[in-house]
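The values are calculated or read from the model by the stated rules, or taken from the named source; none is laboratory data. Only a predicted model underlies this, so the values are computations on that prediction, with no experimental measurement involved. Cβ: placed from backbone, ideal geometry, glycine included. Neighbour counts: every protein chain shown. Only protein heavy atoms, including side chains, enter the accessible area calculation; ligands, DNA and RNA are left aside. Shrake-Rupley method; radii C 1.70, N 1.55, O 1.52, S 1.80 Å.
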Amino acid sequence: MSHVFPRHTKSSLPTVARGSGVYLYDNEGKQYLDGSGGAAVSCLGHGDTDVINAIKAQLDQIAYAHTSFFTSDPAERLADALIRHAPEGIDRVYLVSGGSEAMESALKLARQYFVEIGQPQRRHVIARKQSYHGNTLGALATGGNEWRRAPFAPMLVETTHISACFEYRGKRDDESTYDYGQRVANELETEVLRLGEDAVMAFVAEPVVGATAGAVPPVEGYFKRVREICDTYGVLLILDEVMCGMGRTGTLFACEQDGVRPDIVCVAKGLGAGYQPIGAMLCSAQIYAAIEAGSGFFQHGHTYVGHPTACAAALAVLTKLTDGGLVQRSAVMGEKLQNALEEAFEQHPNIGDIRGRGLFRGLEIVEDRDSKRPFDPSRAIHKALKKQAFAAGLACYPMGGTIDGQNGDHILLAPPFILEDQHIDEIVTKLGIAIGKVL
């Protein structure tokens, strides 16, 4: 009998024994292609000797020291490397242990920033429907996925949500793609004015929406308009790149492709590539200067902030992503994956949309392509697809509630950046087996 508290008490999972490259193996020897990198985490695949050696070398020096007493060389070097590649204006790095911690830190820093500069009335956060920003209470409150929020609703701080930029589901037939993006972006201004011009502290968004909607990219001009609105009303723009950042979409920071400058940006999953738990909240020089000139103390903290071993691992990962060319590889192989998915499934009667950027791709499952009608949620199509793909030796990331938290199904693919052409063929083949059995 296991004493582990699992994600689901009624499921029986195989035990993972080892990993090599793009593959995972259970203790009975079965091989699985890691088509989703876990949860878009394993960008380098499994068994990377450079990262493993960096961890071992750091353990020989110092595994852990609390940041109230010491900084560490790995933390300093990792922060320097992140800032060298960060969007314009980003100047400081707050190192945590994962995505939810990073987003919680961002929200608290945004609030403290306005307190420090004498605008304590700014307290509202605006986010988007069908977003996901983490499972801690502040991050969960910010997210717009109703299924995840519902059990904890009485405990959540008030957050308002505007429409997502979801072209497949939201664009009207009588408007251009650009006009659609401007229309949903302008909902931000409407909501700011409703709450009060000087009452909103932040707008939070994923540049490419991940788990809840399946690799949904913004349309051209959307985020530029969002940035204009934030600047007009003094609202901080917080970008959640926990899942879509660190090369996953073909650039190190996902927002690079939209020409937008955040005030705060959060990364995690791909930063550690699964080798150590780590995340980071990066903020602008302006925000840091306000804290430095004011109290000088960010009223926040976690035990494992700036963990030296985790930072050493992340620095090795980041070096491979940048100097090692794996970010560019994500872009190239991502286009190959998109082409292969389109060739195999574009005409399938139950595949409504194939989308994404880099090695971050989603397929939306529908009952009827013409009307885009989803399957009845009671059929749990996404669960059946996950089960059949896993049986075929493919780990992928199907989810339900794509449209509104209840209706809709999609499959998210986020394989390691090291995959080869034959692995793309294997993903498509095994996905086809699962889709054939379920649909």
#### Entry: Tail weight of P(r) past 17 Å, computed on alpha-carbon pairs of segment 125-188, percent
44 percent
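Using a 1.4 Å probe on the protein chains only, how many percent of the accessible area of segment 292-436 belongs to carbon and sulfur? Before the final figure, lay out each step's value.
Numbers: 2890 of 6030 Å².
C and S atoms contribute 48 percent here.
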### Task
Could you check what % of the DSSP bridge pairs in the chain are antiparallel, to the nearest 5?
70 percent
### Task
Express in nm, to one decimal, how much length is gained between Lys383 and Thr177 on full extension, taking 0.36 nm for each residue of separation and deducting their alpha carbon distance.
70.9 nm
### Query
In whole Å, what is the distance between the alpha-carbon centres of segment 66-123 and segment 382-405?
35 Å
### Task
With unit charges on the beta carbon (Lys/Arg positive, Asp/Glu negative), name the residue among Pro374, Leu195, Val260 whose Cα is farthest towards the positive pole of the charge dipole of the chain.
Pro374
## Note on the structure
Filtering GluC sites (Glu not before Pro) in segment 319-386 by DSSP loop and by at most 16 other Cβ atoms within 10 Å leaves Glu346
### Query
Can you give the charge dipole size of segment 239-302 about its Cα centre, rounded to the nearest 20 debye, using +1 on the beta carbon of Lys and Arg and -1 on the beta carbon of Asp and Glu?
180 debye
### Summary
Between the modelled labels at Leu193 and Asn27 (7 Å from Cα along Cα→Cβ) the distance in nm is 6.2 nm
### Message
Counting only protein heavy atoms and a 1.4 Å probe, tell me what percentage of segment 59-205's accessible area is made up of carbon and sulfur.
### Response
51 percent
### Query
Between Cys396, Cys43, Cys230, which gets the highest mean-square fluctuation from a Gaussian network model of the chain, Cα cutoff 10 Å?
Cys230
### Summary
Placing each pseudo-label 7 Å from Cα in the direction of the beta carbon, Arg369 and Phe297 end up separated by a distance in nanometres of 6.3 nm
### Message
About the Cα centre, and with charges only on the beta carbon of Lys, Arg (+1) and Asp, Glu (-1), how big is the dipole of the chain? Nearest 20 debye, please.
### Response
1100 debye
### Summary
accessible surface per residue for segment 71-141, probe 1.4 Å, DNA/RNA/ligands not counted, whole Å² -> 41 Å²
### Message
At q = 0.09, 0.15, 0.20 Å⁻¹, what log₁₀ I(q)/I(0) does segment 255-401 have when each alpha carbon counts as one equal point scatterer in the Debye sum?
### Response
-0.48, -1.04, -1.29
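Given a Förster distance of 45 Å, report the FRET efficiency between Asn339 and His8 from their Cβ-Cβ distance, rounded to the nearest 0.05. All intermediate terms of the calculation are to be shown ahead of the outcome.
Details: r = 35 Å, r/R0 = 0.78.
That gives a FRET efficiency of 0.80.
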### Query
Out of every Cα pair in segment 274-344, what percent are spaced more than 18 Å from each other?
64 percent
### Query
Which percent of Cα pairs goes in each bin when the distances of segment 1-82 are cut into 10 angstrom slices starting at zero?
13, 29, 31, 23, 4
### Query
Of the GluC sites (Glu not before Pro) in segment 111-196, which ones lie in a loop per DSSP and count no more than 16 other C-beta atoms within 10 Å?
Glu158, Glu175
### Query
Put +1 on the Cβ of each Lys and Arg and -1 on the Cβ of each Asp and Glu in segment 1-141; which of Gly19, Ser97, Tyr64 then has its Cα farthest toward the positive end of the dipole?
Ser97
## Note on the structure
segment 184-225, Kirkwood Rh and Cα Rg, ratio Rg/Rh at 1.04
### Message
As an exercise, use a Förster radius of 45 Å and the Cβ-Cβ distance of Phe70 and Ala17 to find the FRET efficiency, rounded to the nearest 0.05.
### Response
0.75
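What 222 nm value per residue comes from the helices of the chain, counting each DSSP H run with n ≥ 4 as -39,500 (n - 2.57) and dividing by all residues, nearest 500 deg cm²/dmol? If you can, show how the numbers build up before the last one.
Working: 15 runs with 170 residues, N = 439.
Calculated at 222 nm, the ellipticity per residue is -12000 deg cm²/dmol.
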#### Entry: Those residues of segment 387-421 whose amide nitrogen sits under 15 Å from the label point placed on Trp147, 7 Å along Cα→Cβ
387, 397-412
### Message
From Cα pairs below 8 angstrom and at least 6 apart in sequence, can you work out the relative contact order of the chain, rounded to a whole percent?
### Response
22 percent
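What per residue convex hull volume, in Å³, comes out for the chain when only alpha-carbon positions are used? Before the final figure, lay out each step's value.
On the way: hull volume 65.8 nm³, N = 439.
Residue-normalised Cα hull volume stands at 150 Å³.
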### Task
Quick one: work out Rg over Rh on the C-alpha atoms of segment 147-294, Rh as Kirkwood radius.
0.97
#### Entry: By average C-beta atoms within 10 angstrom, highest first, the peptides 245-254, 45-54, 350-359
245-254, 350-359, 45-54
